[in-house]
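I have placed the structure first, in the form of structure tokens, so that the comments after it can refer back to it.
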Amino acid sequence: QVQLAESGGGLVQDGGSLRLSCAASLSTFSIRDMGWYRQAPGQQRELVARINFAGHTNYADSVKGRFTISRDNVKNTLDLQMSRLKFEDTAVYYCNAHAWGGRDFWGQGTQVTVSS
């Protein structure tokens, strides 16, 4: 069982920056992939960015060049640096961990609100 705790959400103006962090209760060496997803009101949850154990990343087209995902397998953390935020980035952001055994774990989510 992996528990994930997100932090760093908040209110920011259009064009601003925020950094989200996710702390895992177990060593992230036990986690194959980690990622950030988001869900806006009335919409489905969508992938924002993902990073695998080897450090390979992929991003949603809408955030490429603006967001950077990183993981620290010593500190057991996952971060998302968000820059040049837009109103349409407003959503609840969720941390996800995909374990080597195939199970998925989710954090409670953190709200990001970008004011236009």
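The values are calculated or read from the model by the stated rules, or taken from the named source; none is laboratory data. Here the structure is a predicted model, which means the values were calculated and not measured. Every residue, glycine among them, receives a Cβ derived from its backbone with ideal geometry; neighbour counts consider all protein chains shown. Only protein heavy atoms, including side chains, enter the accessible area calculation; ligands, DNA and RNA are left aside. Shrake-Rupley method; radii C 1.70, N 1.55, O 1.52, S 1.80 Å.
Please list, in order along segment 61-68, the HN-Hα scalar couplings obtained from phi with the Karplus expression 6.51 cos²θ - 1.76 cosθ + 1.60 (θ = phi - 60°), rounded to whole Hz, x for Gly and Pro.
Per residue, the Karplus-derived 3J(HN,Hα) values read 4, 5, 10, 4, x, 10, 10, 9 Hz.
Using Cα centres only, tell me the gap between segment 86-116 and segment 1-78 in whole Å.
Comparing the Cα centres of segment 86-116 and segment 1-78, I get a distance of 7 Å.
Pairs of Cα atoms under 8 Å, at least six residues apart: use those to get the relative contact order of segment 51-116, whole percent.
24
Using the 2.2 N^0.38 Å rule of thumb for compact globular proteins, work out how the chain stacks up: its C-alpha Rg over that value, please.
My calculation over the Cα atoms of the chain gives 1.00.
Sort Leu11, Leu85 from largest to smallest accessible area, using a 1.4 Å probe on the heavy atoms of the protein chains.
Leu11, Leu85
Where does the charge balance sit around Arg32 when Lys and Arg score +1, Asp and Glu -1, over other residues with C-beta under 15 Å from its C-beta?
Computed value for this residue: +1.
Can you compute 3J(HN,Hα) from phi for each residue in segment 78-95, using the Karplus curve 6.51 cos²θ - 1.76 cosθ + 1.60 with θ = phi - 60°, rounded to whole Hz and x for Gly and Pro?
So the Karplus estimates, Gly and Pro as x, are 10, 10, 9, 8, 10, 10, 6, 5, 10, 4, 6, 7, 4, 4, 8, 9, 10, 8 Hz.
Normalised by the number of residues in the chain, what is the relative contact order in percent for Cα pairs under 8 Å and 6+ residues apart?
37
Starting from the Cα-Cα distance between Arg45 and Leu11, subtract it from 0.36 nm times their residue separation and give me the gain in nm to one decimal.
Separation in residues times 0.36 nm, less the Cα-Cα distance, equals 10.2 nm.
Tell me the accessible surface of Asp61 in square angstrom (1.4 angstrom probe, heavy atoms of protein chains only), to the nearest ten.
Its accessible surface works out to 120 Å², give or take rounding.
Whose amide H sits under 5 Å from the amide H of Val48, counting only residues 5 or more places off or on another chain, with H placed in the peptide plane?
When sequence neighbours closer than 5 places are left aside, the close amide H contacts are Trp36, Tyr37, Arg38.
Per residue, how much accessible surface does segment 3-116 expose to a 1.4 Å probe? Answer in Å², no decimals.
Ligands and nucleic acids excluded, the figure is 52 Å² per residue.
Once you put a point 7 Å from the Cα of Ala54 and another 7 Å from the Cα of Lys86, both along the Cβ direction, what distance in nm separates them?
Here the modelled spin labels are 3.1 nm apart.
Can you give me the three principal axis dimensions of segment 10-67 from its C-alpha atoms, in Å, biggest first?
So the extents along the principal axes, rounded to whole Å, are 36, 25, 23.
From the phi of every residue in segment 11-22, what ³J(HN,Hα) in whole Hz does the Karplus formula 6.51 cos²θ - 1.76 cosθ + 1.60 yield, where θ is phi - 60° and glycine or proline is x?
9, 9, 7, 3, x, x, 10, 8, 10, 9, 10, 9
Given a Förster radius of 30 Å and the C-beta distance between Thr68 and Asp104 as r, what FRET efficiency does 1/(1 + (r/R0)^6) yield to the nearest 0.05?
The computed FRET efficiency comes out at 0.85.
Considering only the chain, what is the antiparallel percent among its DSSP beta bridges, to the nearest 5?
The antiparallel fraction comes to roughly 90 percent.
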